[in-house]
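The block underneath contains the structure these notes are about, expressed in structure tokens.
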Amino acid sequence: MTAEKLAAIAAIDAKASLVFDTADHIWDYAELSLQETRSADLYCRELEAEGFQVERGICGIPTAFSASCGSGRPVIGILAEYDALSGLSQTGGSLKREEAVPGGCGHGCGHNLLGAGALAAALGVKAWLEHTNAPGTVVLYGCPGEEGGAAKAFMARDGLWKQLDAALTWHPEDVNEVVTGSSNSCIQVQYLFEGVAAHAAACPEQGRSALDAVELMNIGVQFLREHMSSKARIHYAITDGGGRSPNVVQPRAGVLYMVRSNRVAEAVELQKRVDKIADGAALMTETTYRRRFIDGLADTVSNHTLEQVLYRNFQALGVPAYTAEELDFAGRLSGTYAPGPAAPGIGSRYDAGYAAQAETLRREAGGAMNRFLLPLYEGDAFQPGSTDVGDVSWLCPTAQIHVAAWPNGSPGHSWQNVSCGRTAIGHKAALHAGKVLAAAAIDLLGDASLLRQAREEFLRRTASGYVCPIPPDAVPTIAD
């Protein structure tokens, strides 16, 4: 930690109240994907007040933005998210399930903290650039719709990420670690079938059932499962069953499909097969359908060079510290859900020796919060979930960290996570993540050899080329 870097960390601490207030406001807004109007506006106003050059509505997405500071290269991007999830309204800091707004939304994935932590990082890098007068630019990107909308993938289609020398981000989790490994790519398409209504008893021959088409499509996809990669997944939800009257031949019905694969090129090909099944279902039932592309995103590409930079700074900065009251809250909250795996972290799923180390660290720390930094894991890893950070990683060197924002084993997308998101535990995670990201970005801005190594590794890992899952004419949207 150089004096200049420590000054940047101090600048983040000086803005702690701004970071915490931002996290709480976004938590209160709890806006769904691509509807984050107030959240995006708040970030833009705050960043303008802090001296950033802000551009709203980038890549044709109303709730996306960029905020830059500095000049020239290198250009380091910091990725922020701020969308919530439906049905997860929850009173903050509560130890029981209680909705703050009946039927409302909540930040079950901690994106109110994610965006605030990214803001903290950008503020720290800005302070370093101004203090040192070093060449370089930091850009905070407001990326809406991670939970459904995949804004980063639409930005990738438009080539936005190619202008960066590196991109850094983080995600709230139950553990402190540097993220590595790949994830599933994902494509969502909605199929809206149209048929002909008729009385199901008096004149069924005159009807053409859209619901039959949906059911036949689902059957066709079930048989497809036997003939796809073992790492591929196909999920579906019937979004419109055509009504509640069984004595009517249903004239409309809709189904939303999600196709996943561990490589985006494979997902694109698998999606084409699902489209053919929809064609067949329409043909069998003499119905028609409208295909509505929702979103698509790629698998993630690791970059060990950047991961090592993040880890060195994480080691130097340590992990968040908690008061006795905070630890008591975490312990009681952990009693509201089934215990998770004993060994936390990505590496524990793939390496028995690593899992043993993680178990030892957890046992020594004690309590519900994982108050330690996991060792750097650089083995092969695969996470079955999906994130549009993957599309960024195909166009520039990209890396991310996890910071503990809730107790060990807290379920993903849960009310417990929402509750923690408006506590000091969540605040500390956001501020600490900002410090680690800022410190790593400062190293990259000040050492051309690191960026050169990261670029060389990136070119090796992406030699097959990026297959964008977003059609040229698609626009960000959400399913009906």
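The values are calculated or read from the model by the stated rules, or taken from the named source; none is laboratory data. Because the structure is a prediction, the values reported are computed rather than measured. Glycine also receives a Cβ, built like all others from the backbone with ideal geometry; neighbour counts cover every protein chain displayed.
Structural remarks
- Count of residues meeting criterion [surrounded by fewer than 17 Cβ atoms within 10 Å (Cβ to Cβ) and among the aliphatic types (A, V, I, L, M)] in region 453-473: 3
Okay, residues lined up against (1) of a type in the set (Gly, Ala, Ser); (2) outside the structural domain of Ile9 (by TED's automatic domain parsing); (3) modelled with pLDDT of 95 or more; (4) part of a helix (DSSP H, G or I):
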site: Ser449; (1), (2), (3), (4): yes, no, yes, yes
site: Ala454; (1), (2), (3), (4): yes, no, yes, yes
site: Pro469; (1), (2), (3), (4): no, yes, yes, no
site: Asp473; (1), (2), (3), (4): no, yes, no, no
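- Flag for Pro144 being in the same structural domain as Asp41 (by TED's automatic domain parsing), part of a loop (DSSP other than H, G, I, E, B) and either small (Gly, Ala, Ser) or within 18 Å of the chain's Cα centre (by Cα) (or both): yes
- Only one entry in Val392, Val403 is at pLDDT 95 or above, in a helix (DSSP H, G or I) and not charged (D, E, K, R), namely Val392.
- Within region 37-82, considering residues that are among the basic types (Lys, Arg) and in contact with a Pro (Cβ under 9 Å, 6 or more places away or on another chain), the one farthest from Leu114 (Cα to Cα): Arg73
- Check on Ala121, touching a strand residue (DSSP E or B) at 6+ places or on another chain (Cβ under 9 Å) and touching a residue at least 40 places away in the same chain (Cβ under 8 Å): yes
- Residue check for Arg225: of a type outside the set (Phe, Trp, Tyr), under 27 Å from Thr180 (Cβ atoms) and not assigned by TED's automatic domain parsing to the domain that holds Leu168: no
- Looking at Gly106, Gly149, Gly115, just one residue is closer than 21 Å to Ser86 by Cβ, among the small types (Gly, Ala, Ser) and at pLDDT below 95, and that residue is Gly149.
- For beta carbons closer than 6 Å, sequence separation of 6+ or different chains, a first residue in region 232-256 that is surrounded by fewer than 14 Cβ atoms within 10 Å (Cβ to Cβ) and a second that is part of a strand (DSSP E or B), the qualifying pairs are His235/Met258; Ala237/Leu256.
- Qualifying positions in region 128-159 - of a type in the set (A, V, I, L, M, F, W, C) and surrounded by fewer than 22 Cβ atoms within 10 Å (Cβ to Cβ): Leu129, Ala134
- A single entry from Ala23, Ala67 fulfils the requirement of being surrounded by 17 or more Cβ atoms within 10 Å (Cβ to Cβ) and under 17 Å from Leu431 (Cβ atoms): Ala23.
- Where a residue in region 428-456 is in contact (Cβ under 8 Å) with a residue 24 or more places away in the chain and its partner, wherever it lies, is aromatic (Phe, Trp, Tyr) and in a helix (DSSP H, G or I), with Cβ under 7 Å and at least six apart: Val436/Phe314; Ile442/Trp128
- Test for Arg291: is it out of contact with any helix residue (DSSP H, G or I) (no Cβ under 6 Å at 6 or more places or on another chain), within 20 Å of Phe223 (Cβ to Cβ) and among the basic types (Lys, Arg): no
- Residue in region 270-280 that is in contact with a His (Cβ under 7 Å, 6 or more places away or on another chain), touching a residue at least 60 places away in the same chain (Cβ under 8 Å) and outside the structural domain of Ala151 (by TED's automatic domain parsing) present: no
- Looking at Leu333, Leu317, Leu306, just one residue is in contact with a His (Cβ under 8 Å, 6 or more places away or on another chain) and either assigned by TED's automatic domain parsing to the domain that holds Leu376 or β-branched (Val, Ile, Thr) (or both), and that residue is Leu317.
- Within region 166-218, tally of residues that are assigned to a loop (DSSP other than H, G, I, E, B), in contact with a Ser or Thr (Cβ under 9 Å, 6 or more places away or on another chain) and under 30 Å from His427 (Cα atoms): 5
- Going through (1) in contact with a Pro (Cβ under 9 Å, 6 or more places away or on another chain); (2) more than 16 Å from Val19 (Cβ to Cβ); (3) not in a strand (DSSP E or B) one by one, Lys162 falls short only on (1).
- Within region 224-264, the set of residues being in contact with a Phe, Trp or Tyr (Cβ under 9 Å, 6 or more places away or on another chain) and under 16 Å from Asp295 (Cα atoms) comprises Ile234, His235, Tyr236, Ala237, Val255, Leu256, Tyr257, Met258, Val264.
- Once region 309-365 is narrowed to residues that are hydroxyl-bearing (Ser, Thr, Tyr) and in contact (Cβ under 8 Å) with a residue 12 or more places away in the chain, the residue that is nearest to Met1 (Cα to Cα) is Tyr311.
- Pairs linking a residue in region 98-110 that is under 10 Å from Asp28 (Cβ atoms) to a residue that is part of a loop (DSSP other than H, G, I, E, B) and of a type in the set (Val, Ile, Thr), with Cβ atoms under 7 Å and 6 or more positions apart or on different chains, are Ala100/Thr91.
- Here is the figure for region 278-303: residues that are hydrophobic (A, V, I, L, M, F, W, C) and surrounded by fewer than 20 Cβ atoms within 10 Å (Cβ to Cβ) total 3.
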